[in-house]
Amino acid sequence: MRSLALAAAVAACLTVSTADAADLYGEGGGGPYCRFVENAHHLLSLDRRNMREEVARRYVEAADVFRMQSTVYSTSPLFEWSNQTKIACAKAIGYLRRHFIWGPEVDVESVQKCDCFYDRMRSYMGGRRTAQY
């Protein structure tokens, strides 16, 4: 009897883990959502100055969302996505600053991750508002 209960518990855990992974990659509903980040193009379509400003704005917003008590104590993935957005946008800012030292190269992957993770964070925010910049 115990082995049957243990098997049921393991099966339930595997089902939940698979559902979470499917949600993360958009497989559960309507195609890939930044599966490999290549389909995040909004920031890359901007000129360099506007790209820097937008990445910085997204970083500040993600940091604000990350510190909100409603995010910290939330049961939704908002805390995780705000943290990932903050990290990805900070990396993108660092690479965009590198322009002054090593030349006008843009790290496409870090900018795409900032774009993708920001969209994911916003999708979990619902009707919450942050300070407008």
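The table for this structure:
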read-out: Number of positions in segment 50-76 that are among the aromatic types (Phe, Trp, Tyr) and free of Cβ contacts under 8 Å to residues at least 40 places away in the same chain; value: 2
read-out: Test set (1) assigned to a loop (DSSP other than H, G, I, E, B); (2) surrounded by 16 or more Cβ atoms within 10 Å (Cβ to Cβ) - Ser76 fails condition number; value: (2)
read-out: Residue in segment 97-109 that is buried (at least 19 other Cβ atoms within 10 Å of the Cβ), among the β-branched types (Val, Ile, Thr) and either out of contact with any strand residue (DSSP E or B) (no Cβ under 7 Å at 6 or more places or on another chain) or in a helix (DSSP H, G or I) (or both) present; value: no
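Just so you know, all these numbers are worked out from the coordinates, no wet-lab data involved. Please read these numbers as outputs of a predicted model, since none were measured by experiment. Here Cβ is always computed from backbone atoms with ideal geometry, including for glycine, and neighbour counts include all displayed protein chains.
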